[in-house]
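The values are calculated or read from the model by the stated rules, or taken from the named source; none is laboratory data. In this text the structure is predicted, and so the values were computed from the model without any measurement. Neighbour counts are summed over all protein chains in view; Cβ atoms, including those assigned to glycine, are modelled from backbone coordinates with ideal geometry. Heads up: the accessible areas ignore ligands, DNA and RNA and are worked out on the full protein's heavy atoms, side chains in. Shrake-Rupley method; radii C 1.70, N 1.55, O 1.52, S 1.80 Å.
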Amino acid sequence: MDHSHIAAALSAPHGGDASDAAKRGKKRGSYNCGRCGLPKKGHNCTVKTPASTAAATPDSSLSIVSLPSSSAVPSLRQSPSNLGRALSFDDFDEPALVVDRYEPDEKVDSDVFDETNPDLDLDADAGGLPASLMWEVMRRLPPPGLLSAAKVCKGWRDTTKRLWRAVEELKIRVPANVPVRFVASMLQKCPGIVRLSLRMESDFDSTMLACIAFSCPNLECMKILTFDAAIIRINGDELGRFVADKKSLKSLKMEGCSNLGGFVLCSSSLSTLWLSDLHSLSKMVFNCPQLREISLEFSCLENDSTDLKTMIEGLGRSCPRLQNIHIASIRLSHSAVLALTAAQLRGLRMLSLVLGSEITDASVAAIASSYPNLELLDLSGSGVSDSGISMICNVFPDTLTRLLLALCPNVTSSGIQFATFQLPHLEIMDCGMTICDPNTENPTADENNCNLQKTSGVNVHLINQKLIIKHSRLKKLSLWGCTGLDALYLNCPRLIDLNLNSCSNLHPGRLLLQCPNLENVHASGCQDMLIGAIQSQVHDASAEMENHSQSKRLPDGSKRIRVPHLLSEEEFPEPEKKRRKIERQLCNVLLD
């Protein structure tokens, strides 16, 4: 039986001697008032219960959440993390995560989760219910229900304690000004934690890291996200000791790692490593023979002094099983690419080198010659041109399914068309900010007459570009910010998501969308006439799919004719199974 799916929330404990005495009240069998001591018969007591003055609660409460079953708690979709955009670019197909933002109104008694109480028989105080049935009921309770159940009786309280011990995955939101001891109390009640996710709204320091290391001996996955002004205040030596001590740690994802300074990571079990906001690292040593996925995002500050070439050379020597690599840094250059190709990582399938403006077509040639089996290639922000795209198409026609070339100013519509024609297995393509007008910043239509703005003819060869894409497998196409795009013709039967945000020069009369399965069209920042043309085409496609009537041959069998709608309902009812096949979800035109 899987005992990992529960949800619980806890606020700071409170209480004192006065409140405990008041809650105990009179003793059983007494005929006197429990407040003033006078006989109860015919007595109206005017003595009020003294309020507790010993309550000490923090400003904000902790919210602890695991991944419950879909039937227990409604799901809320989280925005994807920016730790590895290319490595998880198709995360819109992943199941949604559950986030609980419940803030408990009433305080929890200090003895609800008292670990000193001995284990009790679940059948003794469970109201006659079998222990297994009581367990299944309580593990599906939402946070307030679980807290209330813990205060009903000893049997129910013991069941909640067992639920805490059975937790394997926790998501903890740590608001600002919450002491570490409250997080420690949560972790100590859940010794079986395997996956831990911390949403830090306060600083994460070495004390918090030591608390996790002590309370979670079997930790396999840890994810730390920073929000607001939260800072990760640990250094590289502390992180290295934590990774070395956790023999079962397989996945580590951390944001806000600007204070590491340098680190040496040694682990025989670590397979996934995501670090972001890195800056000026003096040393980066990875001794992780089982590492298969790594994502390193550096700050965009000009004074970053990290030696990426040396780091990549060491990465190739000590991590021979790498399959996914994502590096985002403005210091990426052709020499770093040569160091990567010299590593000869035979299992490499996903390569993402982002923001390297010095990466050129020569770098593409080196990548193509060393890694011919790539499934994902992300060179966003590089200096690649149409010639580089041609080399990509010649080497990866049978393997490449995701190609991301956003923010590549040297790429034109001809290169994009060639890529879609030569890569038959392509499913995701991002060409945002490639076909751009260098002299115009997001021109918009006049709100009064909705007429298109006219651009100067100085850079007509850069502005008035036409893009024709016909692809049988493409599912997601992104053309955001392509201000130089004038005409767009798409014939993609499997396309479900199209991003046209800020395509301000796209002419409404030169737009043709032949995409019957299209679900979302992003048109924020587009002209009103273009938005109207998009809505008209997607709605016409939906109406055409719904206007389906049967055909019937003439008596001599010479010709098929369309049966009128009224006759088809009366004489030739359409089978229910066939009717279900033509039903489709209406396309959404998103303007936010």
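I'd like the full set of residues that are more than 16 Å from S206 (Cα to Cα) and in a helix (DSSP H, G or I), limited to the stretch 160-181. Hits for the stretch 160-181 are T160, K161, R162, L163, W164, R165, A166. Of all residues in the stretch 229-239, none satisfies being at pLDDT 90 or above, touching an Asp or Glu at 6+ places or on another chain (Cβ under 8 Å) and more than 20 Å from V178 (Cα to Cα). Taking the criterion of being in contact (Cβ under 8 Å) with a residue 24 or more places away in the chain, on the phi < 0 side of the Ramachandran plot and among the small types (G, A, S), the residues of the stretch 502-537 that qualify are S504, G509, A523, S524, G532, A533.
For beta carbons closer than 8 Å, sequence separation of 6+ or different chains, a first residue in the stretch 264-284 that is at positive phi and small (G, A, S) and a second that is open to solvent by 40 Å² or more (accessible area, probe 1.4 Å) and part of a strand (DSSP E or B), there are no qualifying pairs. Return the residue satisfying two criteria in turn: it lies in the stretch 296-307 and is of a type in the set (A, V, I, L, M, F, W, C) and open to solvent by 10 Å² or more (accessible area, probe 1.4 Å), and of such residues it is farthest from the chain's Cα centre (by Cα). Restricting to residues being of a type in the set (A, V, I, L, M, F, W, C) and open to solvent by 10 Å² or more (accessible area, probe 1.4 Å), the top hit is L301. Do we have any residue at all in the stretch 160-172 that's touching a Pro at 6+ places or on another chain (Cβ under 6 Å), at pLDDT 75 or above and more than 30 Å from N520 (Cβ to Cβ)? The answer is no; no qualifying residue exists.
The set of residues from the stretch 244-263 being on the phi > 0 side of the Ramachandran plot and within 20 Å of the chain's Cα centre (by Cα) comprises just one member, G256. Restricted to the stretch 266-277, and to residues there that are open to solvent by less than 40 Å² (accessible area, probe 1.4 Å) and out of contact with any strand residue (DSSP E or B) (no Cβ under 6 Å at 6 or more places or on another chain), the residue that is nearest to R349 (Cα to Cα) is S271.
Condition check: closer than 23 Å to R402 by Cβ, out of contact with any helix residue (DSSP H, G or I) (no Cβ under 6 Å at 6 or more places or on another chain) and among the polar types (S, T, N, Q). Does T310 satisfy that?
no
Condition test on I468, is it open to solvent by less than 10 Å² (accessible area, probe 1.4 Å), touching a strand residue (DSSP E or B) at 6+ places or on another chain (Cβ under 6 Å) and modelled with pLDDT of 90 or more? When the stated conditions are applied, I468 does not pass them. For the stretch 278-295, the set of residues classified as open to solvent by less than 30 Å² (accessible area, probe 1.4 Å), touching a Gly at 6+ places or on another chain (Cβ under 9 Å) and in a loop (DSSP other than H, G, I, E, B) consists of L281 only.
Taking the stretch 475-512 as the range and being over 18 Å from Q465 (Cβ atoms), surrounded by 22 or more Cβ atoms within 10 Å (Cβ to Cβ) and of a type in the set (A, V, I, L, M) as the test, only L495 passes. Every residue in the stretch 366-381 that is hydrophobic (A, V, I, L, M, F, W, C) and either under 27 Å from the mean Cα position of the chain (by Cα) or over 21 Å from H425 (Cα atoms) (or both), please. Hits for the stretch 366-381 are A366, L374, L376, L377, L379. Which of the numbered conditions does I435 fail, given that it passes all the others? Conditions: (1) more than 17 Å from Q465 (Cα to Cα); (2) surrounded by 23 or more Cβ atoms within 10 Å (Cβ to Cβ). The number of the failed condition is (1).
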